[in-house]
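Reviewing the structure listed below.
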Amino acid sequence: MATMTGQPINRIDGPLKVSGKATYAYEHWDVGEPLYGFIVGATIGKGRIVQIDTTGAERSPGVRMVMTYRNAPAQGPRDASIPSQYSRAYPMLSGPDIHHYGEPVALVVATTYEQARAAASLVEVEYAVLSGHFDFAKRLDKAYAPKAVNAGLATDSAVGNFDTAFKSADVKIDQVYTTPYQFSQPMEPHCCLAVPNGDDLTVYVSAQILAEAHTAIASTLKIDPLRIRLVTPYVGGGFGSKLGIHGETILAALAARALKEPVKIAMTRQQIFHLVSVRPATSQRVRLGAGRDGRLVALGHDVTMFTSPISEYAEQSATSARGLYAAPNRLTRHRLTALDLPRGEDVRAPGEAPGLHAFESAMDELAHALNMDPIELRILNEPKVHPEEGIPFSDRRLVECMREGARRFGWERRPAKPASVRDGRWLVGYGMAAAIRGQFQMTSKAKVRMGPDGIAVVQSDMTDIGTGTYTIVAQVAADALGVPLDRVRVELGRSDYPAGAGSGGSWGASNTCTSVHRACMALREKLRIGKIPAEGMEAEGEIAAMSEEPNYKNYSIFTYGAHFAEVGVDVDTAEIRLRRMLGVFAAGRILNAKTARSQLIGGMTWGVSSALLEDGTVDARTGAFVNRDLAEYLVPVHADIPEIDAILLDGFDGKANELGAKGLGELGNCGANAAVANAVFNATGVRVRDFPITLDKVLPALPREV
Amino acid sequence: MRPFTYERAIDPEAAVAAVSKAGAKFISGGTNLLDLMKLEIERPIHLVDISRLPLKDIKEEPDGGMRIGAQATNSDVAADIRVRTRYPVLSQALLAGASGQLRNKASVGGNLLQRTRCPYFYDTAASCNKRDPSSGCAAIGGINRGHAILGASDACIATHPSDMAVAMVVLDAEIELLDADRATRRIAIGDFHRLPGTTPHIETALKTGEMITGVVLPAPPEGRQFYRKVRDRASYAFALVSVAVVVATERGTITSARVAFGGVAHKPWRAKEAEAALTGGTATMATYWAAAEAAMAGATGRGHNDFKIELAKRTLCRTLAHAAQEN
C-alpha cells in the first residue's frame, strides 16, 4: 500500500481554502466580537520620544485604549543569549528610544478597525532626533566579524593558502557584487487575535513555528507558558517572516489582557516593510583563480552585510561557496556593519539567495574569461567529497541536474558569444547556475490516535503555511498505516499538540513527515500485538536534532539543482523580460510531486524577482524604506513569468532519514537569480553586478541603434 | 482613515450641487482615492459617488469625432471597437495601464485626476509641497528614480501617472466640465493639467465644484498611431517613460507628426519641438534623433532619474521608426 507518498494529489485542504472556510488568524469569529488595534509607528529613524500626547486619540469615537511606553505593562527583555532569535522575548513600547523608522510608539484599540485607524493619526509624538547611520555603502569600513552566522554556522572558513594561490593563478575573477534590502511579503499580513480567559490567553497567531512563538510570547508577557494556547490552523504564507512573532502579536496580547476582551491587530502592507523581517543588503567580493584548463586553484567569498545594532543577524551568504566546487585553496568570510534600520531576519533562502546570486555570477564570469561552457566549468570542478570538511556527500547529483537540465532546455542552442542573437527588437540570451542548500533536522514530535470512526488522527503543532503540509502528512501516514488516504485526518497548528519542527528552513516537510512516519509505524506495531480494541490507541513518533544524528556529522547532506533561464533584452530600452526558465532538482524522495513542484516554481519566481525587480530603497536622510508598498516595491506579476517548469529527479537519500526525503521549498530560490543574471549578460554582453538588474543599469552600455 | 459620509448622486446636476459642501469630494472607481484616504492624504468628510451617473456612453459625433462619457470604465473604452480602430493609441495606452481589475473599476474622469505616485507624496511624515503646501520637497535630494525630467520646479518634481491622458494629448482631446451653476465648458487637455511651478498642489484647471462629464475626441488625425510604454515589469507598473505618436508620411516624407510623453513631467508632455523637427523631414532615423534631441533639449535629471532622458529619446525614435515601417 506504500503508494500515496509522492503522488501529485491535490491539497486536501484546498476546498476549505477556496470556499473561505479555512480560518486564518484574523478570522476566528467564534470568539465573539473583538476590539481592533492599530499600530502607530515612529516617523524618525533614530532618536527619542520627548513628548507624546494621546488625549486626542483617547477622545476619538470608539477608542478603548491608547498604549504607549508610559502605560505599557512591564515585559520580559530580549535575551540575546538565547540562540534562536525567534524564541526570544519581543518587548513592545518598552521605552522612549527609537531604534529604527516605523518602530511602534503607540497602539490604539477601538471598537472598529476604522475607529482605531482614524484615532491613530491623532497620537501626537514629538521626537528628539539623533543622527543615525542609514547608508550601507558608507559604513562598509566599519564592518566586524560576528561570532557565528545564521544556523550557527562558522563565520569564516579557510583551507590551504588562498592569497598565494589566487595571486599566482593563470586566470582570475575579482569582482564585487551588491544585493539590496529585500522583504517577505506574504499574502496574509502579519496579524494576531488574542483572546483572554481569566489569566489564560488564547493566541490565534500567524506564525511558522508554534513552539518558538509560544516561548517568545510567554517570556515577553512573563506568564506561565501553560496559560497560553496558540492556535494556527492556516497561515497565508510566511517566507521566513513568520519564523518569529512580531509587534502585532505582543501588542494584541498586551491589550487583550489589559482590557480583558479579545483584541486583534493586522499590520498594513506599508507597516510590514518596517515592522517585519528585512533581508540584509550585502556587498560581496568573489575571487576565483583557475588554471587555463578551468580547474579552480583558489576560491574566495567575502560578504559584508548590515545588521541592526540591537539584534545581530548574519545571513550565511558565503557558506554555499564552501560546498559547491573543489579548489585546494579557499577562503570564506562574513562581516557585519551596524545600521539603524529594522532588524535583519530570515527571508526565503537566507544566505543562499544573495550568496549564490554573487558567487554563481562570478562562476559565469570565469567561464566567459576561459571561453568555456559554464556547465563544463562546473563539472570540471565537481568535488568528490565535501571540499572543506572532507566528508562524503550523502547524495549529490548536481552534475546530473545540470546535464538533464541542459538536455531539456536545449542548452546547446545557447549563444556562444554574448549579444549575438536577436529576435526582432530583442537581444536573446541563455544563462544557468547551480543550486545548493543544506538539509536541516530539528527535534520534531507527532502523535497518531485511532478514532472511534476508524479514522487515524495525526496531530502535530506543525504549521501549513501554504506549502501543502496537511496533504503530505496524510500521504505519509496513510502509507505507514497501510490505509487509504480518507482514513487519515491531519490536525495541525495547535500548541496543545506535540511539538513539531514548524515550517522554516525547508525542514518542515521531511522533519514532520519522519516523525509522523515513526508515530504511525509505532501505532501499527501496537495494533499488531494489541489485544484491546483499536479505538483510542495512540502512539508517538519523534526525531532528534541533527546535532544528535551521526549521519549529519559523517555526511554532507544537502540538496542540489540547476537553473536555466532565457531572457530577452529590448535593444532600444533595455527592458529585460524572462522568456522561459527550467530548474532540475535533486532533493531525495519527493513526498508530493505537485506541491513540491509548486514550491520550486515559486522559489524560482523569487529568483527572477531578486535578479530583476526587488529593491528596498532606503532614504539615507531618514532611514525609511521609501518604496514601502507593492505598487513601488516590485515583484513579478503573471506577465513576467511565462513558461517556467521544475523537474524533480527521482531519488532517495537514506542518510537524511528513513523516508529518504529532504527539504526543497527554498531550493528553487537558490541560484535562480544568478541564472537570470547570467542570461542577461549572454543576451547583452553587459555585466551588471549591482542587483537587481534594472534597465537603467543596462541602458548606458547598450549602443544606440541608428 | 477619517470618518466620512457618503451619498450616491442621481444625476449630474445633483452631483455638482452635492459636492459644493465644504470638504466634499467626488468618488468614482475609487482606485486611487480610497488608497489616499486610508493614508489620510485625502481627507474628505463627504463623498459624492458619481460612478452610476448616466455618463458612460461612448458615442460617435457628427463631425467624425467621438465623445466618451466620464464614467465609462477604462476597460470599456479600451475595448470599444470604434476606439480601437480609429484611436488605437488610446486603446493601447489604456491597456498599458494598471491591471485588468483596476481598469474595470477606474473611470475616464478619475484617470485624468489620478494623483502622482511620488513616494514622498504618499508618506505623510515626509515634506511634500503637493500634499502640504510650503513644506518642501523630499524627492529633491531623495529617492527620485521615477521623477520628472521636464517642466519640474524646485517645489515639485513629481510626475503624472496616467497613460490614457498621454494618448488623449496627441489626439487633441477636450475635456467637458459641468459646474455647480449647471454651466458647461470645454477645455483642451493640454491646458487641463498644470506644471507644478510654485503651486504643485493645484494640479488641474478644474474649478472648485466642477465635474468632468466627458472627453471629446476630434476626428482622428491623419497617420499611424502608437503608444509605447517602458516599465520595470511587464504589467501593473507605472511608466518610466511612455510615448504616444501620430505620424503621417508620404513618399518617405513626414507630412504631420504629433508626439507626447508620459512619466516625464507633472502633466502629459506634448513635445511640439519634436513635432516641428519631424514635420517635412524624411522618415529616417536621423530625423527621429533630431526630434528626440529637440524634445529633450530642456530635460534635467535629478540623479536617480538621469537615465530617463536617454530612455525617452530612444523610445521616441524606435516608436517613430515602427510607425513609419507600418505606413
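Laboratory data are not the source of any read-out in this text; all were calculated from the coordinates shown. From a predicted model like this one, the values you see are computed outputs, not experimental measurements. Backbone-built Cβ (ideal geometry, glycine too); neighbour counts: all protein chains shown.
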If I take R0 = 30 Å and measure r between the Cβ atoms of A:Asn161 and A:Ala80 in this structure, what FRET efficiency does the formula 1/(1 + (r/R0)^6) give, to the nearest 0.05? 0.25
Through the Karplus equation 6.51 cos²θ - 1.76 cosθ + 1.60, θ set to phi - 60°, convert the phi angles of region A:428-440 into ³J(HN,Hα) values in whole Hz; use x for Gly and Pro. 10, x, 10, x, 9, 7, 8, 10, 8, 8, x, 9, 10
Non-local residues with an amide H under 5 Å from the amide H of A:Arg580, with H modelled 1.01 Å from N and Pro and chain starts lacking one, are A:Glu566
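Does region A:442-544 come out rounded, prolate or oblate by the C-alpha gyration tensor, with a ≥ b ≥ c the root eigenvalues, rounded set by a/c under 1.5 and, if not, prolate when a/b is larger than b/c and oblate if not? Write down the numbers at each step before the final one.
On the way: a/c = 1.94, a/b = 1.68, b/c = 1.15.
The shape class here is prolate.
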Run lengths n ≥ 4 of DSSP H only: what is the helix-derived mean residue ellipticity at 222 nm for chain B, with -39500 (n - 2.57) per run over all residues, to the nearest 500? -8000 deg cm²/dmol
Normalised by the empirical 2.2 N^0.38 Å for globular proteins, what value does the Cα Rg of region B:264-327 take? 1.13
What net charge is computed for the residues neighbouring A:Asp453, neighbours being all others with C-beta under 10 Å from the C-beta of A:Asp453, Lys and Arg scored +1, Asp and Glu -1? +1
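Would you tally the net charge around A:Asp696, using a Cβ to Cβ cut-off of less than 15 Å, leaving A:Asp696 out, and scoring K and R as +1, D and E as -1?
Working: positive: A:Arg689, A:Lys697, B:Arg145, B:Arg231, B:Arg233, B:Arg302, B:Lys308, B:Lys313, B:Arg314; negative: A:Asp570, A:Asp572, A:Glu575, A:Asp615, A:Asp690, B:Asp232, B:Asp306, B:Glu310.
Summing Lys and Arg as +1 and Asp and Glu as -1 gives +1.
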Using packing as a proxy for protection, rank A:375-382, B:54-61 so that the peptide with the highest average count of other Cβ atoms within 10 Å comes first. A:375-382, B:54-61
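With Kirkwood's inverse mean 1/r over C-alpha pairs for Rh, give me the Rg to Rh ratio of region B:1-157, two decimals please.
Working: Rg = 17.9 Å, Rh = 17.6 Å.
Looking at region B:1-157, the ratio lands at 1.02.
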Any chance you could check the Cα centroid distance between region B:1-62 and region A:485-524 for me, in angstrom? 53 Å
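Between the DSSP loop rule and a limit of at most 14 other Cβ atoms within 10 Å, which trypsin sites (Lys or Arg not before Pro) in region A:185-252 are left? It would help to have the intermediate numbers written out before the result.
On the way: sites: A:Lys222, A:Arg227, A:Arg229, A:Lys242; in loops: A:Lys222, A:Lys242.
Passing both the DSSP loop test and the Cβ count: A:Lys222.
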DSSP-assigned coil residues among trypsin sites (Lys or Arg not before Pro) in region A:636-706, each with at most 16 further Cβ atoms within 10 Å: A:Arg704
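Kindly identify region B:128-204 as rounded, prolate or oblate by the Cα gyration tensor criterion: order the square roots of the eigenvalues as a ≥ b ≥ c, call it rounded if a/c is under 1.5, otherwise compare a/b with b/c, prolate if a/b is larger, else oblate. List each step's numbers first, then the result.
On the way: a/c = 3.17, a/b = 1.64, b/c = 1.93.
Oblate, because a/c is 1.5 or more while a/b does not exceed b/c.
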Using the Karplus curve 6.51 cos²θ - 1.76 cosθ + 1.60 with θ = phi - 60°, work out ³J(HN,Hα) for each residue of region A:327-337 in order, rounded to whole Hz, and write x for Gly and Pro. 5, x, 10, 9, 7, 10, 8, 10, 9, 10, 10
Taking Cα centroids, how far is region A:556-589 from region A:638-671 in Å? 13 Å
Assign one of three labels to chain B, namely rounded, prolate or oblate, based on the Cα gyration tensor with a ≥ b ≥ c the square roots of its eigenvalues; rounded applies when a/c is under 1.5, prolate when it is not and a/b is larger than b/c, and oblate otherwise. oblate
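Per-residue ellipticity at 222 nm for chain A, helices alone: DSSP H runs ≥ 4 residues times -39500 (n - 2.57), over residue total, nearest 500 deg cm²/dmol? Each step should come with its number before you reach the end.
Values: 17 runs with 175 residues, N = 706.
Computed mean residue ellipticity for chain A: -7500 deg cm²/dmol.
Considering only the other residues whose Cβ falls under 13 Å of the Cβ of B:Val216, what net charge follows from Lys and Arg at +1 and Asp and Glu at -1? Don't jump to the answer; show the numbers that get you there.
On the way: positive: B:Lys59, B:Arg67, B:Arg185, B:Arg186; negative: B:Asp57, B:Glu60, B:Glu61, B:Asp63, B:Asp172, B:Glu174, B:Glu176.
Once all neighbours under 13 Å are counted, the net charge is -3.
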With label points set 7 Å from each Cα along the Cα-to-Cβ direction at A:Glu705 and A:Glu525, the distance between them in nm comes to 7.0 nm
Got the relative contact order for chain A handy, in percent, Cα pairs under 8 Å and 6 or more residues apart? 16 percent
Count neighbours as other Cβ atoms within 10 Å of each site's Cβ, and list the trypsin sites (Lys or Arg not before Pro) in region A:49-135 that are DSSP loop with at most 14 such neighbours. A:Arg70
Let me check the size of chain A from its C-alpha atoms; what are the radius of gyration and Dmax in Å? 25.8, 89
Distance from a point 7 Å along Cα→Cβ of B:Asp181 to each backbone N in region B:191-232: keep the residues under 20 Å and list them by number. B:205-213
Per-residue ³J(HN,Hα) for region A:535-541, Karplus 6.51 cos²θ - 1.76 cosθ + 1.60, θ = phi - 60°, Hz, x for Gly and Pro: 3, x, 5, 9, 8, 10, x
Charged-residue dipole, Cβ positions (Lys, Arg, Asp, Glu), the protein assembly as shown about Cα centre, Debye nearest 20: 740 debye
Which whole-angstrom value gives the distance between the alpha carbon centres of region A:428-471 and region B:255-327? 55 Å
Hits in region A:576-599: amide N under 20 Å from the 7 Å Cα→Cβ extension of A:Glu643, namely A:576-585, A:597-598
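Arranged by the count of other C-beta atoms within 10 angstrom, fewest first, what order do B:Lys313, A:Lys553, A:Lys147, A:Lys526 take?
Taking fewest neighbouring Cβ atoms as first place, the list is A:Lys147, A:Lys553, A:Lys526, B:Lys313.
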Within a 10 angstrom radius of each residue's Cβ in A:573-580, how many Cβ atoms of other chains show up on average? Whole number is fine. 4
Residues whose built amide H sits under 5 Å from the amide H of B:His266, excluding neighbours closer than 5 in sequence, are B:His160
